[in-house]
Amino acid sequence: MPTVTLSTSKPTTARADVLILGIRGDEDKAELAATLDLMGFTGEKGQTVRFPSGGLAKAPVVVAVALPEEPTAEDLRRAAAKGLRAATNATSVAVALHPAGVDEVEAIAEGLELGSYRYEAYKSTKKGAAKKPEITSAVILTPFARQTTATKAVERAATVAAAVNVARDWVNTPPGDKRPADLVEAFSQHAGNDVKISVWDEKRLAKESCGGILGVGQGSDSPPRLMTLTYEPAKPVSHLALVGKGITFDSGGLSIKPGASMQTMKLDMAGAAAVVAATVAIARLGLPIKVTAYACIAENMPSGRATRPGDVLTMRSGSTVEVHNTDAEGRLVLADGLALAAESKPDHIVDVATLTGACVVALGQHTSGVLGNDDGFGERVLAAAKTAGESMWPLPIAEEMKGLVTSSSIADLRQHNPKPYGGTLFAAAFLREFVGDVPWAHLDIAGPSFNEGGAFDYTPVGGTGTGVRTLVKLATELSGS
Ligand code: BES
Ligand code: MN
Ligand code: ZN
């Protein structure tokens, strides 16, 4: 991640390899008008052109980025990252995107830090091979540079972006290198002493009646875990419980997936990654809110020990569940995590999960679904997502879903939708059975958690870290900070 600083320098005098210059209209073009016109710069939002500054600025190269007349925070996040991407071969940039206030400064810093992410842990470093240059420093140009609120905003951006980036690392890690015990280790390493950690192994899970997590994990040679992270400041104004789906690899189990659908299933712990990264970030920000995060970690594998379709699991809540499809494993591990969360009587529960392919069909690859048992709380989650710059959209838990989840002929609940419609809604209706009367929101991040296409804006290829920014923003709002 580049080090981001602030300066009151003018764009023309800032020292850097590349000047990233936001252009809102004719006025910003100034002396560059002729050059920009000749380069085919139309001003369409997000367009970038790169050219030598020819002495007009101290930086030898200019990247002009088109901005709307009044850019939103999200416009600026994206513009900063677009500018960075176009600044090939540079190691330092000066960023003149005309932030209107401190929130905009924060957004620019986030865009730079999120947009410079690369995952290179598994690239061999050939001796003597030239390393691709990396941007190590970025200076944001703004008249607010000397205000403490601006410095604080830049610090906040660094904490949040680091959280998103570590969640990306965890998602990108190959599944064989993040089996349940490994993932627990990686989470613990990251948490350090900032939060309290407790880990339940398979024996403890059995003692605690976590039949959902055990049922999903029992087919794997690497047994499941439940990891709890607690951040408790001195005078918390509220208690937020987070629950994350942490399937380190989803083969589907005995209801095995076709090969092609399995290819990206290392992503299936992205929910756990998001709640853990967000909790640690909330602790580092020192927000006055208690946060308890439950990471429900298992590997979903077929084997002679695996749960079979037709089996009945007894969950932490005491309810029994008839399994119809072992590939609908996420709701089973989450059910135990949600029940545990509800037992502690928090003010709110949010779960984050790569839960259903149906949600990707409904909302596409870049929008998460938001469902729950409390419209007011759902609105607050959606508002947090909007300011954080994460695309989320509400879906209902339609009334008929209640009858479907209770339609097992031999158990209390049916795990899998008997109908081929409304898969996301059914899954949420199933989860609702475990949260009691605590206001709860469920984020289905199956689409946005992993970018199978090319990098765009500040979104890299692979793990995206989606959910982290919304959770931190929500905790900020709930804590009145
Ligand atoms: N992990 C998958 C959901 C998923 C699909 C995430 C695509 C990201 C991209 C989940 O465990 C799953 O397999 N869901 C099934 C549920 C079905 C069997 C009811 C699905 O969506 O097909
Ligand atoms: Mn599955
Ligand atoms: Zn899954």
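The values are calculated or read from the model by the stated rules, or taken from the named source; none is laboratory data. Since we're looking at a predicted model, the values are computed, not measured. Please note: Cβ atoms are built from the backbone with ideal geometry, for glycine as well, and neighbour counts cover all protein chains shown.
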Matching option when the condition is outside any strand (DSSP E or B), under 25 Å from A163 (Cα atoms), of a type in the set (D, E, K, R) and in the same structural domain as A138 (by TED's automatic domain parsing), among R85, R15
R85
Taking the condition touching a helix residue (DSSP H, G or I) at 6+ places or on another chain (Cβ under 7 Å), on the phi > 0 side of the Ramachandran plot and not aliphatic (A, V, I, L, M), does G55 pass?
no
Here's a check for you: in segment 276-288, which residue that is part of a helix (DSSP H, G or I) and either among the hydrophobic types (A, V, I, L, M, F, W, C) or modelled with pLDDT under 95 (or both) is farthest from H190 (Cα to Cα)?
L285
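Kindly indicate whether any position in segment 467-478 is under 22 Å from T356 (Cα atoms) and part of a loop (DSSP other than H, G, I, E, B). Don't jump to the end; show me each part of the working.
Going through segment 467-478, the residues under 22 Å from T356 (Cα atoms) turn out to be 467-471.
Now restrict to residues that are part of a loop (DSSP other than H, G, I, E, B): 467.
The answer is yes, given that some residue of segment 467-478 is under 22 Å from T356 (Cα atoms) and part of a loop (DSSP other than H, G, I, E, B).
I'm checking my understanding of the structure. Among residues of segment 110-124 that are more than 15 Å from the chain's Cα centre (by Cα) and in a loop (DSSP other than H, G, I, E, B), which one is surrounded by the most Cβ atoms within 10 Å (Cβ to Cβ)?
At the first step, the residues of segment 110-124 found to be more than 15 Å from the chain's Cα centre (by Cα) are 112, 116, 118-124.
This time we only want the ones that are in a loop (DSSP other than H, G, I, E, B), so: 116, 118-124.
Values: S116: 23, R118: 13, Y119: 16, E120: 11, A121: 10, Y122: 9, K123: 8, S124: 7.
For segment 110-124, the residue satisfying everything is S116.
Restricting attention to segment 261-289, and to residues there that are within 11 Å of ligand 1 (Cβ to nearest atom), more than 21 Å from D336 (Cα to Cα) and among the aliphatic types (A, V, I, L, M), which single residue is surrounded by the fewest Cβ atoms within 10 Å (Cβ to Cβ)?
First pass over segment 261-289, keeping only residues within 11 Å of ligand 1 (Cβ to nearest atom): 261-271.
Now narrow it down to the ones that are more than 21 Å from D336 (Cα to Cα): 261-266.
Going one step further and asking which of them are among the aliphatic types (A, V, I, L, M), we end up with 262, 265.
Values: M262: 15, M265: 19.
Filtering first and then ranking leaves M262.
Which fully enclosed strands (runs of 3 or more DSSP E) of segment 289-395 have 2 or more residues being of a type in the set (D, E, K, R) and at pLDDT 95 or above? I'd like the intermediate steps shown before the answer.
Numbers: elements: 290-300, 312-314, 320-322, 348-353, 368-372, 392-394.
Passing ranges, in order: 290-300.
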Give the residues of segment 292-301 that are under 17 Å from the mean Cα position of the chain (by Cα) and either closer than 24 Å to K235 by Cβ or surrounded by fewer than 24 Cβ atoms within 10 Å (Cβ to Cβ) (or both), sorted by residue number.
A293, Y294
Of all residues in segment 302-319, how many are surrounded by 23 or more Cβ atoms within 10 Å (Cβ to Cβ), within 16 Å of ligand 1 (Cβ to nearest atom) and over 25 Å from R179 (Cβ atoms)?
0
Among the residues of segment 296-322, which ones are away from ligand 3 (no atom under 14 Å from the Cβ), aliphatic (A, V, I, L, M) and in contact with a Lys or Arg (Cβ under 8 Å, 6 or more places away or on another chain)?
V321
Out of (1) assigned to a helix (DSSP H, G or I); (2) among the small types (G, A, S); (3) surrounded by 17 or more Cβ atoms within 10 Å (Cβ to Cβ), what's the single condition that is false for G176?
(3)
Residue pairs within 6 Å by beta carbon, gap of at least six or interchain, first lying in segment 370-387 and more than 11 Å from W440 (Cβ to Cβ), second among the hydroxyl-bearing types (S, T, Y), listed first then second, are A384/T470; A385/T470
Hey, G369 hits all of (1) over 19 Å from A295 (Cα atoms); (2) within 16 Å of ligand 2 (Cβ to nearest atom) but one; which does it fall short on?
(2)
Can you tell which of A186, A241, A191 is crowded, with 24+ Cβ neighbours inside 10 Å and within 27 Å of K290 (Cα to Cα)?
A241
Can you pull out the residues in segment 320-354 that are farther than 19 Å from G372 by Cβ, of a type outside the set (S, T, N, Q) and more than 10 Å from ligand 1 (Cβ to nearest atom)?
V321, E322, V323
Determine which single condition L214 fails, assuming it passes every other condition in (1) in contact with a Cys (Cβ under 9 Å, 6 or more places away or on another chain); (2) farther than 20 Å from V350 by Cβ; (3) away from ligand 3 (no atom under 16 Å from the Cβ).
(1)
Here the qualifying pairs (Cβ atoms under 7 Å; residues six or more apart or on different chains; first in segment 322-333 and assigned by TED's automatic domain parsing to the domain that holds A428 and of a type in the set (D, E, K, R); second assigned to a helix (DSSP H, G or I) and more than 6 Å from ligand 1 (Cβ to nearest atom)) come out as E329/V216; R331/A427; R331/F430; R331/L431
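Inspect segment 305-318 for any residue being of a type in the set (S, T, Y) and within 22 Å of D169 (Cα to Cα) and give the result as yes or no.
There is no residue in segment 305-318 that is of a type in the set (S, T, Y) and within 22 Å of D169 (Cα to Cα).
Looking only at segment 138-158, count every residue that is in contact (Cβ under 8 Å) with a residue 60 or more places away in the chain and buried (at least 16 other Cβ atoms within 10 Å of the Cβ) and tell me the total. First the steps, then the outcome.
The initial filter retains those residues of segment 138-158 that are in contact (Cβ under 8 Å) with a residue 60 or more places away in the chain, namely 138-146, 150-151, 154, 156-158.
Imposing the further condition that a residue be buried (at least 16 other Cβ atoms within 10 Å of the Cβ) reduces the set to 138-142, 144-145, 150-151, 154, 156-158.
So the answer is 13.
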